[in-house]
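What follows draws every value from the coordinates through simple rules; no lab data is involved. The structure displayed is predicted, hence computed values, not measured ones. Virtual Cβ from ideal backbone geometry, glycine too; neighbours counted across all protein chains shown.
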Amino acid sequence: MAALRAGRGTVLMVFLRWPAFIALPAILALAACQAAPPAGPPASRPVTRAARPSPPTPSRVEGAWSFGVAGDRCTAQVAHREATLGITAGPGRTVTLSVGAPGRRSARSTRIAFRGDEGAWEAQGRGGAGRLALATMPLDEAAEGRIRDLLGGGTVTVQAQGVEVPALGVPDAGVSGRDWYGCVSRLAER
């Protein structure tokens, strides 16, 4: 027993003096009592990759005007790659304002809001296929005033719950805009 208390080396010496058929099981029993060897690296977990967040919506983008006249329709557009405002007067005595933004979802009820040096107003609209907001109104004095406000420059925004679209900076339309407004005036006189 004194040999067992002296340490492992002494215990091994005692067992070596015994016959092999007795010593081997005793050595294996002592080996089983020892601490397990350190485990290898932890098992790797599958790596899940988070979806890339969409780029943040710019707070304001600056658009550029383009104009068109085709028969009984006058069209104008203020475009930027993040947002586009379309204005269509005609056919007949109607004006349609539409705002689109690639990859953005629309809402049922929207408001197109304008703020500029010449005035500020809002038009009730609706979301639709391919458009964030679509507002149609009669081509009357109020609509002509809104078109003149837009041609003077300012900022257009879309207001709707859950819709994120940058404010669209509308530059002054200059001479081209005044020429195009002649088309709108002719439609309003009919």
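At a glance:
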{"read-out": "Cut-off 15 Å between beta-carbons: net charge of the residues surrounding Arg81, Lys and Arg +1, Asp and Glu -1", "value": "0"}
{"read-out": "Vicinal HN-Hα couplings computed from phi for region 132-148 (Karplus, 6.51 cos²θ - 1.76 cosθ + 1.60; Hz; Gly/Pro x)", "value": "6, 8, 9, 10, 10, 9, x, 7, 10, 4, 5, 5, 4, x, 5, 5, 4"}
{"read-out": "Protection proxy ranking of 145-151, 89-95 - average other beta-carbon atoms within 10 Å, highest first", "value": "145-151, 89-95"}
{"read-out": "Rounded FRET efficiency, nearest 0.05, which uses the C-beta distance separating Ser66 from Ser109 and R0 of 35 Å", "value": "0.75"}
{"read-out": "Other-chain or far-sequence residues with amide H under 5 Å of Val69's (modelled H)", "value": "Thr75"}
{"read-out": "Calculated from backbone phi, Karplus (6.51, -1.76, 1.60) coupling profile of region 68-74 in Hz, x at Gly/Pro", "value": "x, 10, 9, x, 9, 9, 10"}
{"read-out": "Within region 112-138: backbone nitrogen closer than 20 Å to the Arg73 label point (7 Å, Cα to C-beta)", "value": "126, 128-138"}
{"read-out": "Ordering of 66-72, 184-190, 81-87 by burial proxy (mean other Cβ atoms within 10 Å per residue, highest first)", "value": "81-87, 184-190, 66-72"}
